[in-house]
Amino acid sequence: MNSDILKNRTKKFSVDIGKLVLELPYNVLNRNYSNQITRCSSSVGANYRAACRAKSNADFLYKLKIVEEELDETLFFLELLAEFNHEKRDTIQLLWKEGNELLSIFVASINTLRIRQSATSNRKS
């Protein structure tokens, strides 16, 4: 999967989370969880774009790790929102599925980079 596709997917994921947040009823839990999920889901796309402009392999790996953390946090807040917004569970489940797919892609990329870095350092030794 190329970087443009991932940029588009991460942006769409953030937009779709934003649309969900706008549809949630206003209460203290939804307000707090919505603030958190809005920040972490938008950070996924922003940090992936930053990773694509990385200055080195180490920088790229570091930024992908941030993407991984922000996706995991987003999934956590989707789970919390599902607990308190039963009427939105179907929408939340679709978003969770997309977030989990993105997380799998980024974890696989991180693992591949680590293997390549290890192989490179072993050849230099």
Quick one: Ser3 ticks every box in (1) within 19 Å of Asn111 (Cα to Cα); (2) touching a Lys or Arg at 6+ places or on another chain (Cβ under 7 Å); (3) among the small types (Gly, Ala, Ser) except a single one, so which number is it? (2)
Kindly list, by first and then second residue, each pair from a residue in the range 76-104 that is under 12 Å from Leu24 (Cα atoms) to a residue that is surrounded by fewer than 15 Cβ atoms within 10 Å (Cβ to Cβ), limited to pairs with Cβ atoms under 6 Å and residues at least 6 apart or on different chains. Ala82/Arg89; Phe84/Leu29
Mind listing whichever residues of the range 67-80 are closer than 16 Å to Phe13 by Cα and out of contact with any Ser or Thr (no Cβ under 6 Å at 6 or more places or on another chain)? Val67, Glu68, Glu69, Leu71, Asp72, Glu73, Leu75, Phe76, Phe77, Leu78, Glu79
Need pairs with beta-carbon distance below 8 Å; first residue touching a residue at least 12 places away in the same chain (Cβ under 8 Å) and within the range 33-61, second part of a loop (DSSP other than H, G, I, E, B) and not basic (Lys, Arg); sequence gap 6+ or separate chains. Ser34/Leu24; Phe60/Ala54
Looking at Lys88, Lys19, Lys12, which one is among the basic types (Lys, Arg) and under 24 Å from Ile110 (Cβ atoms)? Lys12
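Every read-out reported here was derived from the displayed coordinates using simple, explicitly stated rules and does not represent laboratory data. The structure displayed is predicted, hence computed values, not measured ones. Note: ideal-geometry Cβ built from the backbone for every residue, glycine included; neighbour counts use all protein chains shown.
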